[in-house]
Amino acid sequence: MTEFISLSDIESAPAGVWPNTPVTPFMRQTFLAALERNGCVGPGTGWTPSHFCNDDLLIPAYVKDHSYGEYVFDWSWAEAYARYGMDYYPKLLLSVPFTPVPGPATSRGNELPDNFAAVLNEHCHSQQLSGWHLNFTTSALTEQLKQQQMPDCPHQRTGVQFHWFNRDYESFEHYLAHFVSRKRKNTLKERRSVSGQGYRCQRLTGTDIEAEHIHFFYQCYLNTYRERRSTPYLNEDFFQQLRQQMNDQMLLVICSNSEGPAAAALCFYDQTHLYGRYWGALVHADALHFEACYYQGIEFCIEKGLKAFNPGTQGEHKIARGFEPVLTHSFHWLAHPGFHQAVGDFVQEERQHILQYQQAARAQLPFHRTS
């Protein structure tokens, strides 16, 4: 059986676990370390780093005391445990914190070792954890875990996100040419509304992103949480560290009018994908969110030749703007046999509803049927 050690500090991992070319922006040591160094995870957050590591790869993992910031919702499972006088927390989560992006589970982007599910089961038993959860798996990892030959295999859970795909579009106008007339007019109306209100959007990358830009972005980000009477998971120091260490993979959109900057959206990108992550505004302006978070990102993908744009989780309003419903996958194993079986029954029934929802959402896409 493959031997792993447990690390409470991502920066103490051997240098050899990190490839020269990062597999995604979020599986970089820089990103994961910034979460720890700036207190976004760690003591007092309910996210206790407990990474699995050997000489070849690292698998980010966290002991969780709650289910916030995961985007695969299992609150009802915790409530069921409580009704029977049992503890659902702590549990083990294998995922990049606060990042609902399908991606690799390891630092090197390869699949998990073949015996790793058994390693996780044994670890949960020995550490008295209720179970383990692996969120937002790639297609290859999903297939690998589905083939696990174990008497108590992890259960696969299915969800839906809305992604945009670049089908060799030459410009935003070329992209809209694939829309039916009514939907195309609606999109053009939204973009004209933004410019008609006096807003202009600027896209910044690399060293053009300065500390003052991140400071402004964070004020917008913080204000959006305040309006929802909520507290953000991430702090400004985290974003400033990313600006200093990985601005080569950052896209910052700042929208301004005659009175100055008013809204901002922060994305990350690699050689093939753009990932929309954070948004905030100091004003309420018609369609400004759609412009900053979606249309500017689509234009960036077309200009850079990126294949896809994942704008973040949830949001049926993305459909009318050409974001297609795609399935996401996660895997779950619970140490209690009865609850493990109950969750298996639940996710199997839930999957049927998800597939129906995906089909219904696809029927609402704005494209010509021949597109």
Would you check the accessible area of residue 210, probe 1.4 Å, heavy atoms only, in square angstrom rounded to 10?
90 Å²
Over the range 43-83, what is the relative contact order in percent, taking alpha-carbon pairs closer than 8 angstrom and at least six residues apart?
29 percent
Just from the alpha-carbon atoms, what are the Rg and Dmax of the chain in angstroms?
21.3, 65
Within the chain, which is the longest segment that contains none of the trypsin sites (Lys or Arg not before Pro) sitting in a DSSP loop with at most 11 other Cβ atoms within 10 Å?
1-166
Reachable aspartates and glutamates from residue 91, criterion Cα separation under 15 angstrom, eight or more residues apart if same chain:
65, 70, 74, 79, 122
Accessible area per residue, 1.4 Å probe, Å², for the chain: what's the number?
46 Å²
For residue 5 and residue 75, what does the FRET efficiency come to when R0 = 41 Å and r is the distance between their Cβ atoms, rounded to the nearest 0.05?
0.80
Given backbone amide H placed at 1.01 Å from N, residues whose amide H is under 5 Å from that of residue 160, ignoring those fewer than 5 places away on the same chain, are 328
For residue 193 and residue 362, compute 0.36 nm times the residue count separating them, minus their Cα-Cα distance, and round to one decimal in nm.
58.2 nm
If 68, 84, 218 are ordered by their accessible area, calculated over protein heavy atoms with a 1.4 Å probe, which sequence runs from highest to lowest?
84, 68, 218
Any chance you could look up the accessible area of residue 339 with a 1.4 Å probe, heavy atoms only, rounded to 10 Å²?
30 Å²
With contacts defined as alpha carbon pairs under 8 Å and 6 or more residues apart, what's the relative contact order of the chain in percent?
20 percent
Euclidean distance of C-alpha centroids, the range 261-312 and the range 1-59, integer Å
27 Å
For the range 338-371 and the range 125-195, write down the distance between their C-alpha centroids in whole Å.
12 Å
Restricting to Cα pairs below 8 Å that are 6+ residues apart, what does the relative contact order work out to for the range 220-295? Please round to a whole percent.
31 percent
Helix 181-196: angle to the longest alpha-carbon principal axis of the chain, degrees 0 to 90, nearest 10?
80 degrees
Tabulate in residue order the Karplus-calculated ³J(HN,Hα) for the range 264-278, using 6.51 cos²θ - 1.76 cosθ + 1.60 with θ = phi - 60°, rounded to whole Hz; enter x for Gly and Pro.
7, 9, 10, 10, 10, 8, 10, 6, 10, 10, 10, 10, x, 10, 9
In whole percent, how big is the carbon plus sulfur part of the accessible area of the chain, probe 1.4 Å, protein atoms only?
47 percent
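The values are calculated or read from the model by the stated rules, or taken from the named source; none is laboratory data. Just so it is clear, the structure is predicted and the values come from calculations on it, not from any experiment. So basically every Cβ, Gly included, is an ideal-geometry build from the backbone, and we count neighbours across all protein chains shown. These area figures cover heavy atoms from the full protein model, side chains too; ligands, DNA and RNA do not enter into them. Shrake-Rupley method; radii C 1.70, N 1.55, O 1.52, S 1.80 Å.
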